[in-house]
Each structure stands twice: as structure tokens, then as C-alpha cells.
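Report on one structure; see the data block that follows.
The values are calculated or read from the model by the stated rules, or taken from the named source; none is laboratory data. Note that the structure is predicted; figures quoted are calculated from it, not measured. In this analysis, Cβ positions are derived from the backbone assuming ideal geometry, glycine residues included, and neighbour counts consider all displayed protein chains.
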Amino acid sequence: MAWSINSKLCLRCGGCVSVCPTAALELRDNIVHDMALCTLCGVCAKACPVEAIKVIKQ
Amino acid sequence: MNDVIVIGAGPAGVSCAKRLAENGFSVKVFDKRAEIGAPKRCGEGISESSQRLLGKIPDKCIAQKIRGARLYAPDGRYLDAILSEGGFVLERKVFDKWLAEEAVKAGATVQANTFISDLIRDSRGYFVGVKGEFLGNEFEEKAKVIVCATGAESPLRTKALGVFSKVNLVDSCIQYEMANVDVVPDLIHIYLSSVLAPRGYVWVFPKGEHRANVGLGIIPQEKKPKAYMDEFLKLHPEIGKGSILEVNAGCVPVGGMVENMVANGFVLCGEAANHVNPIHGGGIKEAVISGQMAADVITECLKKNDVSKTALSKFNELWWKERGNHLKKVEKLRETLEKLSDSDLNDLVDALKPEDIIDFTRGAKLSVLAKVLMRKPRLVSIARHLL
Ligand SMILES: Cc1cc2nc3c(=O)[nH]c(=O)nc-3n(C[C@H](O)[C@H](O)[C@H](O)COP(=O)(O)OP(=O)(O)OC[C@H]3O[C@@H](n4cnc5c(N)ncnc54)[C@H](O)[C@@H]3O)c2cc1C
Ligand code: SF4
Ligand code: SF4
């Protein structure tokens, strides 16, 4: 998968959700990612206060 | 059917709900958090003047009364800006619940632990309800107007209006609530440095008994806030020696106020509409202003039985007139300060008067700042941005 999250690092702060331009992310008990909406733009990984998200662009 | 459904029981949502209930409308607030106000995602600083909007904040919500701000230049020199009216460091877990209770007393219904998963539209494209989940039960509920007060962290605002926070217009933040921290307890402490916290700042907001929220926000980048925080704590043993009682994080909008916040039967308010002060990232007061203003507009629309986008767009007009244009100026100030080097910041803290700083955060007297900057030929073009 080109989008991945390390749930051990994630602080459930929702920062990634607020910057996602396509509404591909949602914070429930954990971050839920919708690959169908994701464009792999990578801004969620950039905004994350820790290094919880990895996006590999192809 | 309810008159209004509010999504989110933060300061924006419950302020909106309280006023609508006072105006005689039936209003229901849903929040996904199991406990309203927790976990906190906030430095918990608020000005005393916010009580003009909220009424008297009860003592139980206040961790520490504040006299003013100590602003540290990168070289360690500082300036104390003592306020004629001070501020508070809140206990938001208590404060948010108090606000929610006030809305309930006014006649609103509030329900925690209720996740809103989607918005319902009718065939005319009007927003008419929400889909949600409470303790395993899925439900749908209808209303004449849906208020989205979810904070920035919600895809609902994106789905409804295409609104999100541009990545370069948020500060990525980490915060530790710490015990055994030694700072002057009745000032908030702000550390400026383009090296220690690029674009943002480090804050220490005392909460009494040597407890404090120690936080840091920066422009999103590869090096993470956590790494900057480690460096700050190493440089400041009086703070770094403390124990971590709580870890908070988040991205706070510091710009990107949206032009349009309404659709047919739908209003976006508070941090969900990026209504935050761009210079310090304070969003509680702006959320309350925005929530109350939205309620006033919705009240008029419901009375006239017209909740169309056109009718609700009075909110755009009002908010931009009362807050938007002013916050835009503050955003310019932020854009200017982020271009300064640490040596510029040292000189600036030296040259400023304490009372100027307070005015700047309100978007006033920016020409004073421009004049100070223009003393350095290199900064003339940067300073012009303020005029
Ligand atoms: C690290 C950090 C420090 C900060 N420090 C300060 C500070 O010192 N002072 C200050 O004034 N501001 C500060 N802020 C900003 C401030 O916390 C927010 O701007 C403010 O809380 C916004 O209020 P709001 O009501 O708009 O949204 P919120 O307070 O975020 O409330 C939104 C509510 O909506 C709920 N919600 C979201 N989605 C759903 C859904 N799908 N279904 C149901 N419920 C939902 C959430 O659970 C939440 O309770 C800080 C922010 C951060 C990140
Ligand atoms: S990569 Fe872009 S589109 Fe995909 S989840 Fe992250 S922010 Fe959203
Ligand atoms: S921004 Fe990072 S830490 Fe915060 S919820 Fe998203 S992945 Fe988790």
C-alpha cells in the first residue's frame, strides 16, 4: 500500500484530517483512510506532528 | 423534527445552540467524544474579555489567572506585556462541559459519544439531516438547518462545502501538560525563534502548582514538532526537568478564512471554517463569536421560513464585516513575522513597547511595526506588506 499509518505513533489528533483536500480521512477511534478518495498528495504526512503517516507516490 | 442540528459540542457548537435555544428554537447537539472536552487539544489560554461573550467563567473552569504575556526574543531577552484586562489558563475539560451545560439549561439537547457519519440532502439539494451512530445504534435525524461546528478535524466540511485547511496554513503542534515546571506562574510565556519554532512559537501556559501546558507549533515540514520540542526542553532545563502528564497534538489553522460558509440549510462555523486568530492560533473566542453570529442569522432565517443559501449568506456578510477583514490583517502580520530572522526578532523585541504587542495581535497599529522594521533597509519590502 502506498499510504500507511503507524497506529503506535498516532496521537489521534486529527491534524491529518484537517488538511486532506479530498475528505479521504476521518478520525473515529483511529484514523480511517479511504483509498478510493485518496490522491496520494502527501499533505497529511507533512502536517502530522509525529511521523505517523507514510505516503509513497508512484 | 428539530429546528436545528449542531454537529460538534465545542465552543462554537454549544454557543450557537445556546443562543438558538434562548431564541425559542428546538436544537440538538451531537458530539462524537465520549466525554465532552476530552481529550483536550488546546493550550487553554483565553482573554478575560471573552467573558463579555460568555458571561462569567466559573472558578472551577480556571486553572490559573494570568496578568499578561512574557515574550522572549531568540537571544533570551524578554518583554512583559501586562494587560489591563488579563486572561485565564482554563481547564478545558471542565470549561467545555460547563458551556455545554449552559446550552442545556437554555433548552438545547446535547448528546455525547454520537458520531455523525454523513449529511442528508433532499432532492432540491437542501441539507435536511444527519446520519449518526450512538452506542452501536445507527440513526437518522432531520432538521431545518444543519450547523457544522466540528472543528477543523472533519471531512464533513469538505464534503459539504469543499472546505479544508491548506497544509501551509496550519501550524502543526505538539503539547505536553507537565508537572514540576518552574516559570513565573501568572504570565503566559511565548518564545519566538525562527530556528527553534519556524513560523510558529513555543508556549508555556502555567496551570498553577508548577503545572503548565508546554507546546510548540510550526509550519508543516519534514522535521516534526516533536523533534523541535526535544530541543527546546533541552535548552530550558527549568521546564525540561518536568514530568509529562498528558500529550496533546493537533493542527491549528492560521489563515485561509473561507469566503463562503453556507449552503441551502447548512452553516459552517468556528474552527471548521478556519475561524482562528492567525497570529497566535487562539480559536476559542473566535469560535464563540462565530457560533453566536451563526445563531443570530439562523434565527432570522427560521422566522422568515427561508433557509436557502441566499438567506443564510447573511452570515458570510456579517462575519466578514465583523471578524474576517480584521483577522485578514492579523494574517498579514503573521506573514510578515515569519520572514524575520532570529537577529531581526531580537531587534524587534528590543524596539517594541509592551502595549504595542497587544494591539498587534488585534490587527491594530501595524504601521508602528512597519516603521520599526523599516529601520533596516533589508526589511523595507517586508514591512510594506503591513501597510
Ligand atoms: C495544540 C493546540 C493548542 C491550542 N491552544 C489554544 C489556546 O491556548 N487558546 C485558544 O483560544 N485556542 C487554542 N487552540 C485552538 C482551539 O482549541 C480551537 O480553535 C477551538 O477549540 C475551536 O472550537 P470549535 O468549537 O470550533 O471546535 P472544537 O473545539 O474542535 O469542537 C469541535 C467538536 O466537534 C466534534 N466533532 C467533530 N467531528 C464530529 C462528528 N463527525 N460527529 C460528531 N462530533 C464531531 C469534536 O469531537 C469536537 O468536540 C489550540 C489548538 C491546538 C491544536
Ligand atoms: S495523501 Fe492526500 S488525499 Fe490521501 S489521505 Fe493524505 S491528504 Fe488525503
Ligand atoms: S496527524 Fe498524525 S498523529 Fe495526528 S491523527 Fe493524523 S496520523 Fe495521527
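Quickly run through region B:18-38 and pick out the residues that are over 18 Å from residue B:294 (Cα atoms) and surrounded by 18 or more Cβ atoms within 10 Å (Cβ to Cβ).
Correct list: B:31, B:32, B:36, B:37.
Are any residues in region A:27-54 of a type in the set (Val, Ile, Thr) and surrounded by fewer than 16 Cβ atoms within 10 Å (Cβ to Cβ), and if so, which ones? Before you say what the answer is, go through the steps one by one.
Keep residues of region A:27-54 that are of a type in the set (Val, Ile, Thr), which gives A:31-32, A:39, A:43, A:50, A:53.
Residues satisfying the conditions are A:32, A:39.
When only residues in region A:2-37 that are in contact with a helix residue (DSSP H, G or I) (Cβ under 6 Å, 6 or more places away or on another chain) and not aliphatic (A, V, I, L, M) count, which is nearest to the other protein chains (Cβ to nearest Cβ)?
Looking only at region A:2-37, we keep the residues that are in contact with a helix residue (DSSP H, G or I) (Cβ under 6 Å, 6 or more places away or on another chain), and these are A:15-16, A:19-20, A:23, A:25-27.
Subset that is not aliphatic (A, V, I, L, M): A:15-16, A:20, A:26.
On the way: A:15: 3, A:16: 8, A:20: 6, A:26: 5 Å.
By that ranking, first place goes to A:15.
Restricting attention to region A:37-58, which residues are more than 16 Å from residue B:159 (Cα to Cα) and in a loop (DSSP other than H, G, I, E, B)?
Here is the first cut: in region A:37-58, the residues more than 16 Å from residue B:159 (Cα to Cα) are A:40-58.
Across region A:37-58, the qualifying residues are A:40, A:41, A:42, A:48, A:49, A:50, A:51, A:52, A:56, A:57, A:58.
Being touching a residue at least 60 places away in the same chain (Cβ under 8 Å) and out of contact with any strand residue (DSSP E or B) (no Cβ under 7 Å at 6 or more places or on another chain) is the filter here, so list the residues in region B:185-218 that pass it.
B:193, B:194, B:195
Taking the stated definitions as given, is residue B:251 in contact with a strand residue (DSSP E or B) (Cβ under 9 Å, 6 or more places away or on another chain) and closer than 30 Å to residue B:123 by Cα?
no
Would you mind stating whether residue B:237 is out of contact with any His (no Cβ under 7 Å at 6 or more places or on another chain), away from chain A (no Cβ under 14 Å) and surrounded by fewer than 14 Cβ atoms within 10 Å (Cβ to Cβ)?
Working: out of contact with any His (no Cβ under 7 Å at 6 or more places or on another chain): yes; away from chain A (no Cβ under 14 Å): yes; surrounded by fewer than 14 Cβ atoms within 10 Å (Cβ to Cβ): yes.
Against the criterion (out of contact with any His (no Cβ under 7 Å at 6 or more places or on another chain), away from chain A (no Cβ under 14 Å) and surrounded by fewer than 14 Cβ atoms within 10 Å (Cβ to Cβ)), residue B:237 qualifies.
Of the residues B:256, B:215, B:282, only one is within 14 Å of chain A (Cβ to nearest Cβ), within 29 Å of residue B:326 (Cβ to Cβ) and assigned to a loop (DSSP other than H, G, I, E, B); which?
Values: B:215 fails: assigned to a loop (DSSP other than H, G, I, E, B); B:282 fails: within 14 Å of chain A (Cβ to nearest Cβ).
The conditions single out B:256.
Name every residue in region B:150-193 that is of a type outside the set (Gly, Ala, Ser) and assigned to a helix (DSSP H, G or I), in order of residue number.
Taking region B:150-193 as the starting set, the residues that turn out to be of a type outside the set (Gly, Ala, Ser) are B:150, B:153, B:155-159, B:161, B:163-164, B:166-171, B:173-178, B:180-192.
Those that are of a type outside the set (Gly, Ala, Ser) and assigned to a helix (DSSP H, G or I): B:155, B:156, B:157, B:158, B:159, B:161, B:167, B:168, B:169.
How many of the residues making up region A:24-52 are in contact with a Ser or Thr (Cβ under 7 Å, 6 or more places away or on another chain), near ligand 2 (Cβ under 9 Å from one of its atoms) and closer than 19 Å to residue B:168 by Cβ?
2
Would you please name the residue that is nearest to residue B:218 (Cα to Cα), looking only at residues in region B:228-250 that are assigned to a helix (DSSP H, G or I), touching a Leu at 6+ places or on another chain (Cβ under 7 Å) and of a type outside the set (D, E, K, R)? Walk me through it before giving the result.
From region B:228-250, those assigned to a helix (DSSP H, G or I) are B:228-235, B:237-240; that's our starting set.
Next cut, touching a Leu at 6+ places or on another chain (Cβ under 7 Å) only: B:228-229, B:231-232, B:239-240.
Next, from what is left, pick out any that are of a type outside the set (D, E, K, R): B:228-229, B:232, B:239-240.
On the way: B:228: 9, B:229: 10, B:232: 13, B:239: 19, B:240: 19 Å.
This residue is B:228.
Could you say which residue among A:24, A:2 is hydrophobic (A, V, I, L, M, F, W, C), touching a residue at least 12 places away in the same chain (Cβ under 8 Å) and surrounded by 17 or more Cβ atoms within 10 Å (Cβ to Cβ)?
Details: A:2 fails: surrounded by 17 or more Cβ atoms within 10 Å (Cβ to Cβ).
Among A:24, A:2, only A:24 is hydrophobic (A, V, I, L, M, F, W, C), touching a residue at least 12 places away in the same chain (Cβ under 8 Å) and surrounded by 17 or more Cβ atoms within 10 Å (Cβ to Cβ).
Out of all the residues in region A:1-36, which are assigned to a loop (DSSP other than H, G, I, E, B) and away from ligand 1 (no atom under 16 Å from the Cβ)? Walk me through how you get there before you give the answer.
Residues of region A:1-36 assigned to a loop (DSSP other than H, G, I, E, B): A:1-2, A:6-14, A:20-24, A:28-30, A:34-36.
Within region A:1-36, A:1, A:2, A:6, A:7, A:8, A:9, A:21, A:22, A:35, A:36 qualify.
Just to be sure, is residue B:84 without any contact (Cβ under 8 Å) to a residue 12 or more places away in the chain and among the small types (Gly, Ala, Ser)? Outline the logic, then answer.
On the way: without any contact (Cβ under 8 Å) to a residue 12 or more places away in the chain: yes; among the small types (Gly, Ala, Ser): yes.
Taking the combined requirement at face value, the residue satisfies it.
Mind listing whichever residues of region B:360-374 are in a helix (DSSP H, G or I) and under 12 Å from residue B:326 (Cβ atoms)?
Initially, region B:360-374 is screened for residues in a helix (DSSP H, G or I), giving B:360-361, B:366-374.
Answer for region B:360-374, where residues must be in a helix (DSSP H, G or I) and under 12 Å from residue B:326 (Cβ atoms): B:361, B:366.
Write out, first by first residue and then by second, each pair whose Cβ atoms fall under 6 Å of each other, whose residues are 6+ apart or on separate chains, and whose first residue, in region B:246-269, is charged (D, E, K, R) while the second is modelled with pLDDT of 95 or more and surrounded by fewer than 24 Cβ atoms within 10 Å (Cβ to Cβ).
Correct list of pairs: B:246/B:177.
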